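Reviewing the structure listed below.
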Amino acid sequence: MDGPKHAACLPAALSAFIWLAAATPAAFAQGHAHEHGVARLEVAVEEGRISVRLESPLQNLVEFERAPRSGAERRQIAAALRQFEAGSDLFRIDPAAGCSLRKIDLQSAALKLGTAPPDPDGHADLDAELVFDCANGNRARYMEVGLFATFPRLQRIEVQAVTGSTQLQATLRRPERRFPLAR
């Protein structure tokens, strides 16, 4: 997972995620229960950037929740990771914002991606951070999420979004795909 799109740290987006963590309910900001079928999505909207952070049990994305053991399982993982590399297909931002994908950072202890520590309870997750550079991020009125179409095991996405003027919460259930970034 190396290349120009991937980064171990996204310093410019860090302030947005600190702001998002401070603005969200304590349970969401301090961690969450590992729940199959459910992913958590945090979105931080700034003038020149939109940052997206997804936390999902690995089993939502492939048929198992551990390091791959066979060639078939390695191919499932490779296919799922290719979907994230095409991040602008999974996360489509209102064209009015003029955004393009700049960086992707994938973390998973089970997959040996990034520096994620192993879960002490043995749960395997995939965390993805995507940064979109935007001509005018504040003009984004919505985001469409292509996760349900890509990953059939995923049933619900809990969304927290922070913009320059508001905080938003939404729950997307299959087949919903759009949530607002403005009121």
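Bear in mind that the values in this text are calculations on the coordinates, not laboratory data. Every value quoted in this text rests on a predicted model; they were computed, and no experiment measured them.
Residue by residue through segment 82-99, which ³J(HN,Hα) values in whole Hz follow from phi under the Karplus form 6.51 cos²θ - 1.76 cosθ + 1.60 (θ = phi - 60°), with glycine and proline marked x?
With the stated coefficients, segment 82-99 comes to 4, 4, 6, 5, 9, x, 6, 7, 7, 10, 9, 9, 2, x, 4, 7, x, 9 Hz.
Expressed in nm to one decimal, what extension gain is obtained for the pair residue 89 and residue 73 from 0.36 nm per residue of sequence separation less their Cα-Cα distance?
Values: separation 16, 0.36 × 16 = 5.76 nm, distance 2.32 nm.
Contour length minus the Cα-Cα distance gives 3.4 nm.
I need the shape label for segment 79-183. Rule: rounded when a/c is under 1.5, else prolate if a/b > b/c, else oblate, with a, b, c from the alpha carbon gyration tensor.
Prolate shape, in that a/c is at least 1.5 and a/b is the bigger ratio.
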